[in-house]
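Undergrad: Let me begin by handing over the structure; questions about it come next.
The values are calculated or read from the model by the stated rules, or taken from the named source; none is laboratory data. Bear in mind that the values here come from a model prediction, so they are computed numbers and not experimental data. Glycine also receives a Cβ, built like all others from the backbone with ideal geometry; neighbour counts cover every protein chain displayed. Ligands, DNA and RNA are excluded from the accessible area calculation, which covers all protein heavy atoms including side chains. Shrake-Rupley method; radii C 1.70, N 1.55, O 1.52, S 1.80 Å.
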Amino acid sequence: MRSYAARRLVAAVGVTLGVTVATFLLLHVEPGDPARLVLGEHASPQAVAALRRSWGLDRSLPSQFWRFLSGLLRGHLGKSYVYGVSATSLIGQRIGVTLALVALATLFAVVIAVPLATLAAARKERPLDHLVRGLSVLGLGMPAFWFGIVLIEVFAVHLKLLPVGGWGSSPGQHLEGLVLPALTASFAIVPILVRSLRVGMAEVLDAEFIATVRSKGIGEVRVLLAHVARNALIPTLTLLGINVAFLVGSTVIVEQVFDLNGLGSLLLDAITNRDFPVVQAVTLVLAAIVVVLNLLTDLLAARLDPRIRLR
Amino acid sequence: MTNPYEREMSRRTLLRRGAGGATAVALGALWPGVGAAASRRAAATPTLGGTLKFARSVAPTELDPANSIIAGDVYTLDKIFEPLYVTSPTGQLTPWLATGSTASKDQKTFTFALRPGVKFSDGSPLGPADVVFSINRSRKNAKGPLSFLDSAITALEAKGSGSVVVQLAEPWAPFLSDISVFANAILPDNFGGKSEAEFFAKPVGTGPFTLASFQSDASSLTLAKNPGYWQSGKPYLDAVEFLYVDDDNQRVLQLRGGQVDLIDSVPPADVSSLKSDSGLSVGLYPAWEVDLLVMNEKLPQYADLHVRRAITYAINRPALVAASSFGTAKPGGSFFPPSLEYYSASTPVLAASLSAAKAELAKSSFPKGFKTTLLIDGGVQKWRTFAQIIQQQLAPLDIDVTINALDHAAFEATFQKLDYDLFIDYAINDISDPDEMASFELDFKAGGSGSYWSSYDNPAVIKLVHQAEAEPVPARRAALYAKIQALVAGDAPFVPLDYPPYIYAFSSKVQGFAVNPGGAYRLEDVWLA
């Protein structure tokens, strides 16, 4: 297990570093001058050049990259061109929103997907199963922003049960503000989870040991929960890990639709303004979150299923 | 849903986002109320108190007037700091912290009388030293995005306890307009003894509001009533909460859901549905803004006058506006918008005519047409619509247009390097005087943009622009600008496509809200019914 974990960890660090280099290169290949954007179109070329110099943008690419890397090693992610504060502090203000959104969306996804998949597997090839599978296909085809707007129209504008958007100012308001976005985000992964969990459970249901369990006279609910679900858990867990990583990416859109000031909206603003240090820092943090989630999934799966460690 | 690339944060964004169209609302009808319903109730006694929740597409990042240009900063700090003059919602220059000014005979010395009894929010009185300090600081700020507006000034000095004398290098007709720009807002002399950083963390101004709280990531900013404001009885509101809501849909939905009272940059497509909601009102405010199709005269085809005129004739501007603005914009004519002083309604515009376009092209060196690219900021729906319509309208001339859509920053960098054939952008004026727009778009060498990156260079036009700058008599200036507009219409360096207004929407309880053609809204007159 130790050597497996070590190998995964090295790969994780490699991936994060790769993302950092790729982001840096893409940012500098793309046209667009942050100094010009900050100073406006009336700015003199001298003022633009002076600002570029103060940000170190007049140096060579390798030297700029080295500055970024050495800063990173010392724990400095640079200072935002636009807000004039450190990228770390901006991320600190925003990361809670994104993590809370991802956590609640994951919870919703599991709470919705597990019962649906169980029902479908227990009623395999019957109308209920077809209904669940049909809905999953429908869900897969539904763009998150559109679904989000429908939820806002119904629950916020008409029923006035929940806020249209925003993060509010108290923990209660934060939670209220997260319900619709988390539901929207979860719907991006629920169909995938339902389908894979259903297949997993159906396979287990057909297995011989289930016949044995049933022959002992154990109730169907207990069979499903204690024996089937447990065995279908490992592939689903892996899938959930990958999909939660996908959720992290989709928060960029969901935060935009619901006016949540998380990392996703920070990243979009930073790209538009060519706020290089912030883009670089947020990408790094998002990449790290995804990598850590994948790593945890791998390790958990290996823990649950010894066969994985030997691969 | 808004394309994320539409999130550029400059002042220009606010203009562009509100963009979409001109309006049937006459300039004079806007002040003091907004729309018929608002002005009916404006006669009522304002209610005191309450917090205005204002969701904006722009975010404040810093509050130093001398360093600001982006909309989120400018339209926030102007509630805290005030200049000597301001522009009213009808576009009139109005004495503000000054009660007036007198000019010497040679038009090179201006004396401002300061308004008596004005106090900063810390209680200290406004004096001439504050004015001298503030305007000197702004004009000498090498990084100042709008410092160039003060370039005519050579010296300022305090005179007595209530006057300031300003010396100019030469007679400069736009001077009072320049003084009204937010960059020339008045701060206490020497920051009231604090360091610059300390001062802007807790800014002190003469404005109707003071800073109550500011999230450094710009997501929200709250202003509180300045109880010692010089206009007694105002502001009516206790507080203003600015929220940064970038997404167009989200802003509209927050207003409809009653979460906020007022929103900016309403997409033209949403105007009619918002108007039909009985609890909401929509305000269209004429802007000093023109959308332009710019042609690159560094290229042989666009250096050819006949090609430029052919393209201008071929573009049917009323059709373009009808297809894109949902009845909010007016079709373009002169390169000056109708809201700008010295706009000439009698400018001989090359109105849409396919036969005239074909005749012009036949006279050019490219009678059989050519292939060309049209560069746009692809994040803005309106530009995509414009580009597609222009593509179709130029097809009968065998001008084969390929659309090149980039994200905002890349778009700007590309046309500023002159690496384009055609591009669409919007031109704005920051002050009430048209000289800024005239010199920026026409003065190839000194204007700062190489004639809006078109490289259009007509010495006769440039001479007239400079004459107008030095001409103090309004009637004579009007005649000069009419001549300039006629010459430019004939030379066709760019096609003025449309005049879009600012579009705001608000709950019916919001009273007294108005926007001036520069895009600024003063909130001391706003109250909640």
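Undergrad: Quick one: if the Förster radius is 41 Å, what FRET efficiency do B:D398 and B:K445 give, using the C-beta to C-beta distance and rounding to 0.05?
TA: Working: r = 35 Å, r/R0 = 0.85.
The pair B:D398/B:K445 has a calculated efficiency of 0.70.
Undergrad: So which aspartates and glutamates can B:K363 reach, going by Cα to Cα under 12 Å and dropping same-chain residues fewer than 8 places off?
TA: B:D304
Undergrad: For B:Q107, what charge total do you get from the other residues with a beta carbon under 15 Å from its beta carbon, if Lys and Arg give +1 and Asp and Glu give -1? Don't jump to the answer; show the numbers that get you there.
TA: Numbers: positive: B:K105, B:K108, B:R476, B:R477; negative: B:D106, B:E170, B:D178, B:D433, B:D435, B:E469, B:E471.
Once positives and negatives cancel, what remains is -3.
Undergrad: Across bins of 10 angstrom width beginning at 0, how are the C-alpha pair distances of chain B distributed, in whole percent?
TA: That works out to 4, 19, 29, 26, 17, 5, 1, 0, in percent per bin.
Undergrad: Report the paramagnetic label zone for B:S232: residues of the stretch B:102-122 whose backbone N is under 20 Å from a point 7 Å from Cα along the Cα-to-Cβ axis.
TA: Only B:114-122 fall inside the zone, counting backbone N under 20 Å.
Undergrad: Determine how many Å³ per residue the convex hull of the Cα atoms of the stretch A:87-310 encloses.
TA: Values: hull volume 33.8 nm³, N = 224.
Residue-normalised Cα hull volume stands at 151 Å³.
Undergrad: Excluding A:A120 itself, calculate the net charge of residues whose Cβ lies under 10 Å from the Cβ of A:A120, where each Lys or Arg counts +1 and each Asp or Glu counts -1. Walk me through the numbers on the way to the answer.
TA: On the way: positive: A:R123, A:K124, A:R126, A:R133, A:R195, A:R198; negative: A:E125, A:D129.
Taking every other residue near A:A120 into account, the sum is +4.
Undergrad: First select every other residue whose beta carbon is under 14 angstrom from the beta carbon of A:G141; then total the charges, Lys and Arg +1, Asp and Glu -1.
TA: On the way: positive: A:R133, A:R195; negative: none.
Net of charged neighbours comes to +2.
Undergrad: Over the stretch B:423-516, what percent of the accessible surface lies on carbon and sulfur atoms, probe 1.4 Å? Numbers along the way, then the final one.
TA: On the way: 1490 of 2440 Å².
Carbon-and-sulfur percentage of accessible area, whole number: 61.
Undergrad: Using every alpha carbon pair in the stretch A:1-113, what percent of pairs falls into each 10 Å bin from 0 up to the bin containing the largest distance?
TA: Taking every Cα pair in the stretch A:1-113, the percentages come to 11, 27, 32, 19, 9, 3, 0.
Undergrad: While we're looking at this one, here's another question. May I ask you to give the solvent-accessible area per residue for the stretch B:129-204, in square angstrom, as obtained with a 1.4 angstrom probe?
TA: 40 Å²
Undergrad: Can you pull the mean other chain C-beta count within 10 Å for peptide B:139-148? Write out the running numbers ahead of the final one.
TA: Details: counts 0, 0, 1, 5, 9, 5, 7, 3, 4, 3.
Across B:139-148, the average partner-chain Cβ count within 10 Å equals 4.
Undergrad: Next question, about the same structure. Once the convex hull of the C-alpha atoms of the stretch B:316-428 is built, how many Å³ does it hold per residue, rounded to a whole number?
TA: Considering the Cα atoms of the stretch B:316-428, their hull volume per residue is 130 Å³.
Undergrad: If you count, for every residue in B:244-256, the Cβ atoms of partner chains within 10 Å of its Cβ, what is the mean? Don't skip to the end; give the middle numbers.
TA: On the way: counts 4, 5, 8, 9, 0, 9, 11, 3, 2, 10, 8, 2, 6.
Average neighbour count from other chains, rounded to a whole number: 6.
Undergrad: While we're on this one: Hey, what's the Cα Rg ratio for the stretch B:486-529 versus the globular rule of thumb, 2.2 N^0.38 Å?
TA: 1.87
Undergrad: Greater than 22 Å separation of Cα atoms is the criterion. Which listed pairs, B:K143/B:K298; B:K194/B:K234; A:K160/B:K509, meet it?
TA: Numbers: B:K143/B:K298 30 Å; B:K194/B:K234 28 Å; A:K160/B:K509 19 Å.
Exceeds cut-off: B:K143/B:K298; B:K194/B:K234.
Undergrad: May I pose another question? With each run of n ≥ 4 DSSP H residues scored as -39500 (n - 2.57), what mean residue ellipticity at 222 nm is computed for chain B after dividing by its residue count and rounding to the nearest 500 deg cm²/dmol? Intermediate results must be reported in sequence, preceding the final value.
TA: On the way: 18 runs with 156 residues, N = 529.
Calculated from helices alone, the mean residue ellipticity at 222 nm is -8000 deg cm²/dmol.
Undergrad: So, one more: Could you state the accessible area per residue of the stretch A:87-310 in Å², with a 1.4 Å probe and every protein chain left in place?
TA: On the way: 9930 Å² over 224 residues.
Heavy-atom accessible area per residue stands at 44 Å².
Undergrad: Interface size between chain B and chain A, please: total buried accessible area, 1.4 Å probe, rounded to the nearest 100 Å².
TA: Numbers: alone 19630 and 16870 Å², together 32920 Å².
Roughly 3600 Å².
Undergrad: Using Cα positions and a limit of under 25 Å, work out the lysines in reach of A:K216, with same-chain residues fewer than 8 apart set aside.
TA: Hits, sequence-local ones excluded: A:K124.
Undergrad: Taking beta carbons within 10 Å but only from partner chains, what does the mean come to for residues A:30-39?
TA: Numbers: counts 5, 11, 9, 6, 1, 0, 4, 8, 8, 5.
Across A:30-39, the average partner-chain Cβ count within 10 Å equals 6.
Undergrad: Pop out the Kirkwood hydrodynamic radius of the protein assembly as shown from its pairwise C-alpha distances, inverse of mean 1/r, in Å to one decimal.
TA: Values: mean 1/r = 0.0339 Å⁻¹.
When all Cα pairs of the protein assembly as shown are included, the Kirkwood radius is 29.5 Å.
Undergrad: Moving on. In the stretch A:87-310, carbon and sulfur make up what percent of the accessible area (probe 1.4 Å)?
TA: Values: 7030 of 9930 Å².
That share works out to 71 percent.
Undergrad: Among bridges DSSP assigns within the protein assembly as shown, what percent are antiparallel (round to 5)?
TA: Details: 54 of 72 bridges.
Antiparallel bridges: around 75 percent, rounded to the nearest 5.
Undergrad: Reachable lysines from B:K463, Cα under 19 Å, same-chain residues fewer than 8 places away excluded?
TA: B:K445, B:K483
Undergrad: Using the basic label-point model (7 angstrom from Cα toward the beta carbon), what is the B:T111 to B:A460 distance in nanometres?
TA: Simple spin-label model gives 4.4 nm for this pair.
Undergrad: Along the Cα-to-Cβ line of A:E176, 7 Å from the Cα, sits a label point; which residues in the stretch B:261-279 have backbone N less than 20 Å from it?
TA: Answer for this model: B:261-262.
Undergrad: What residues of the stretch A:234-262 lose no less than 40 Å² of accessible area with every protein chain in place versus their chain by itself (probe 1.4 Å, heavy atoms only)?
TA: The answer is A:Q256, A:D259, A:N261.
Undergrad: Given the convex hull of the Cα atoms of the stretch B:127-232, what is a quarter of its surface area in nm²? Please list the in-between numbers first.
TA: Details: hull surface 33.3 nm².
Result: 8.3 nm².
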